[in-house]
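The values are calculated or read from the model by the stated rules, or taken from the named source; none is laboratory data. Computed from a predicted structure; not experimentally measured. Note: ideal-geometry Cβ built from the backbone for every residue, glycine included; neighbour counts use all protein chains shown.
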Amino acid sequence: MRIILLGGPGSGKGTQAKMLVDKLGIPQISTGDIFRAALKEGTPMGLKTKTFMDKGELVPDDVVIGVVEERLAKPDLDKGYMLDGFPRTLAQAKALDKILENQGKAISHAVLVDVPDEELVKRLSGRRTCRNSACGAMFHVMFNPSKKDGICDACGSELYQRNDDNEKTIRERLGVYNNQTAPLIQYYEAKSLLRKVEGLGPIEQIFGRIEQAIA
Ligand code: AMP
């Protein structure tokens, strides 16, 4: 199964992707995670992409498409995968179609986790992320606090607020999402691949809706 997860920043698609990984046993490919890992390692790509990420802007299409093309050529994807945070522009969606066509494969579903903008701002400004990239658990200071302040319940590492999870950058990211990524909803609807799921409510309930949508 090859699944695309669509949704605004803070829609919970990253959390749902991790749950789907456990359930379906297919890898999650998150371009945001790839860029953050590259920055942590101090690679030239990591340093280049940081300037865009810190401002809430999109990394240029050619860079992102190159990264994804390389990742999709790896041999661990036989059972499928979940794309989280890619594609984010029409150019990326078309490039993905081309890569898949060359591989003789196709997308199974594009799942939209639908959440209103004001809810996204509330969620992102309180979000705390585990510093241990192998864990990546996420908490919220009000809606889902960790048991011990600043410490990850899952692995005991420090929690931090992502550089781009501040109100100014959040508004910028939302604008970018609405202008550049939201058109993908129509793109996948026209291909009859869109599965729209209500993204409000308890995490398990949303997960249940996604499972039904891709069954
Ligand atoms: P995310 O972790 O998915 O919220 O991504 C964090 C940031 O990484 C975004 O705000 C962009 O700056 C960059 N990024 C991640 N994926 C993409 C993509 N597919 N296209 C362009 N920029 C991206």
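Given the criteria touching an Asp or Glu at 6+ places or on another chain (Cβ under 6 Å) and at pLDDT 95 or above, does S146 qualify? So S146 passes the test. Summed over region 107-123, residues that are without any contact (Cβ under 8 Å) to a residue 40 or more places away in the chain and of a type in the set (A, V, I, L, M) total 0. The set of residues in region 28-62 being in contact with a helix residue (DSSP H, G or I) (Cβ under 8 Å, 6 or more places away or on another chain), surrounded by 13 or more Cβ atoms within 10 Å (Cβ to Cβ) and of a type in the set (A, V, I, L, M, F, W, C) consists of I29, I34, F35, A37, A38, L39, M45, M53, L58, V59. Residue count for region 80-106, restricted to those that are touching a residue at least 24 places away in the same chain (Cβ under 8 Å) and over 15 Å from the mean Cα position of the chain (by Cα): 10. Picking from residues in region 91-112 that are more than 16 Å from L194 (Cβ to Cβ) and part of a loop (DSSP other than H, G, I, E, B), the one that is nearest to the ligand (Cβ to nearest atom) is K105. Looking only at region 153-162, decide whether some residue is surrounded by 13 or more Cβ atoms within 10 Å (Cβ to Cβ) and touching a residue at least 40 places away in the same chain (Cβ under 8 Å). There is no residue in region 153-162 that is surrounded by 13 or more Cβ atoms within 10 Å (Cβ to Cβ) and touching a residue at least 40 places away in the same chain (Cβ under 8 Å).
Of T51, T15, all but one fail to be hydroxyl-bearing (S, T, Y) and free of Cβ contacts under 8 Å to residues at least 60 places away in the same chain; the exception is T51.
The condition (being buried (at least 19 other Cβ atoms within 10 Å of the Cβ), within 26 Å of K50 (Cβ to Cβ) and in contact with a strand residue (DSSP E or B) (Cβ under 6 Å, 6 or more places away or on another chain)) is satisfied by just one residue among G150, G126, G85: G85.
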